[in-house]
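Chemist: I have a structure I would like to understand better, so I am pasting it below and will then ask my questions one at a time.
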Amino acid sequence: MRIKRDCKKMEQEIHTSFIFSAINILAAEPWPENAALYQQLKEEQILLSDNASSLAVQAFLQMCNLPVRVICRANAEYMSPSGKVPFIHVGNQVVSELGPIVQFVKAKGHSLSDGLDEVQKAEMKAYMELVNNMLLTAELYLQWCDDVTVEEITYPRYGSPYPWPLNRILSYQKQWEVRRKMKAIGWAGKTLEQVLEDVDQCCHALSQRLGTQPYFFNKQPTELDALVFGHLFTILTTQLITDELSEKVKNYSNLTAFCRRIEQQYFEGHEKDSSTTAAHSSKRSLLR
């Protein structure tokens, strides 16, 4: 029995050593010029939530000064190792979603939050959870649970690359998946008004935390800033059935100013750089 425990302990130590070795190898490799980010087709297919998530990753990489080429593919969702977009292809590595991408980039020696103390890092993670649990969930609810939006926007866009009846079959499958998630987290019975109120509460909390600072943790952006920008900018610049969702964000002037600031600093003036075209390919810019 003791030999078995010792063998298991040795196996765990070897596994841990392998993980750290892999991270060190990744960190030793420089960021390549041909790094690519994959998402769905921009003009005719991608939905609000995926567009927001993609823009958040692009903003994060831009803040890290890491170039990435945006590649739009109709089947990007099915190419992703997690089934979610965006995902990046860097060297021989494929990583999807902001959280894992932040860790991957950190392993290469690039971090936006190293200057924070442990309390600030915990606070940053809490606000990121708030955004994911409230804004992202609200976007998914609007896309797949609001009947008018589903019929007029979601079905036509989500299934646009595919012929009938495949376009409807894939849309129904995705809708079933999202609605099952909504039921599991207690959102299935909510009305649109209740969802919009949740968005308002989230924006209020973000507005209070931001205050008059340029970024959530004073003068330097973190992954929280990238995440918030991705969602708020996309909400503000995406044409939906009504403006109710964007109006919730517009009620907070410091949040809209925050979005303009990041657009100007990290996207404006870089139109020729394929890594920074996302904000300018939205329905409209925030800049006036």
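The values are calculated or read from the model by the stated rules, or taken from the named source; none is laboratory data. Given the structure is predicted, the values throughout are model-derived calculations rather than measurements. Every residue, glycine among them, receives a Cβ derived from its backbone with ideal geometry; neighbour counts consider all protein chains shown. For the accessible areas, the whole protein counts, side chains as well, though only heavy atoms, and no ligand, DNA or RNA atoms are used. Shrake-Rupley method; radii C 1.70, N 1.55, O 1.52, S 1.80 Å.
Chemist: How about segment 249-267: which of its residues are closer than 12 Å to residue 210 by Cα and free of Cβ contacts under 8 Å to residues at least 24 places away in the same chain?
Modeler: 253, 257
Chemist: Residue check: is residue 206 at pLDDT 95 or above and surrounded by 13 or more Cβ atoms within 10 Å (Cβ to Cβ)?
Modeler: yes
Chemist: To continue, here is another question. Please find, within segment 108-132, the residue that is nearest to residue 207 (Cα to Cα) out of those that are open to solvent by less than 70 Å² (accessible area, probe 1.4 Å) and among the small types (Gly, Ala, Ser).
Modeler: Taking the candidates together, the pick is 126.
Chemist: Working only within segment 88-121, note down all residues that are farther than 16 Å from residue 59 by Cβ and touching a Pro at 6+ places or on another chain (Cβ under 7 Å).
Modeler: 90, 91, 94, 96
Chemist: Consider residue 221 against the criteria (1) at pLDDT below 95; (2) within 20 Å of the chain's Cα centre (by Cα): it satisfies all of them except one. Which criterion is unmet?
Modeler: So residue 221 meets the others, but not (1).
Chemist: Which ones in segment 228-268 are among the aliphatic types (A, V, I, L, M) and open to solvent by 10 Å² or more (accessible area, probe 1.4 Å)?
Modeler: Result: 240, 241, 245, 257.
Chemist: As an exercise: evaluate residue 135 against (1) surrounded by 17 or more Cβ atoms within 10 Å (Cβ to Cβ); (2) farther than 19 Å from residue 51 by Cβ and give the number of the one condition it does not meet.
Modeler: All conditions pass for residue 135, except number (2).
Chemist: Given the conditions (1) modelled with pLDDT of 95 or more; (2) assigned to a loop (DSSP other than H, G, I, E, B), report the number of the one that residue 231 does not fulfil.
Modeler: Of (1) modelled with pLDDT of 95 or more; (2) assigned to a loop (DSSP other than H, G, I, E, B), only one is false for residue 231: (2).
Chemist: Here are some residues: 181, 190. Which one is part of a loop (DSSP other than H, G, I, E, B), open to solvent by 20 Å² or more (accessible area, probe 1.4 Å) and modelled with pLDDT of 95 or more?
Modeler: The match here is 190.
Chemist: Can you spot a residue in segment 218-225 that is part of a helix (DSSP H, G or I) and of a type outside the set (Asp, Glu)?
Modeler: Taking every residue of segment 218-225 in turn, at least one turns out to be part of a helix (DSSP H, G or I) and of a type outside the set (Asp, Glu).
Chemist: For segment 50-164, which helices (runs of 4 or more DSSP H) that fit wholly inside it have 1 or more residues that are under 17 Å from residue 226 (Cβ atoms) and out of contact with any helix residue (DSSP H, G or I) (no Cβ under 6 Å at 6 or more places or on another chain)?
Modeler: 98-107, 118-130
Chemist: What's the total number of residues in segment 72-107 that are open to solvent by less than 20 Å² (accessible area, probe 1.4 Å) and more than 16 Å from the chain's Cα centre (by Cα)?
Modeler: 2
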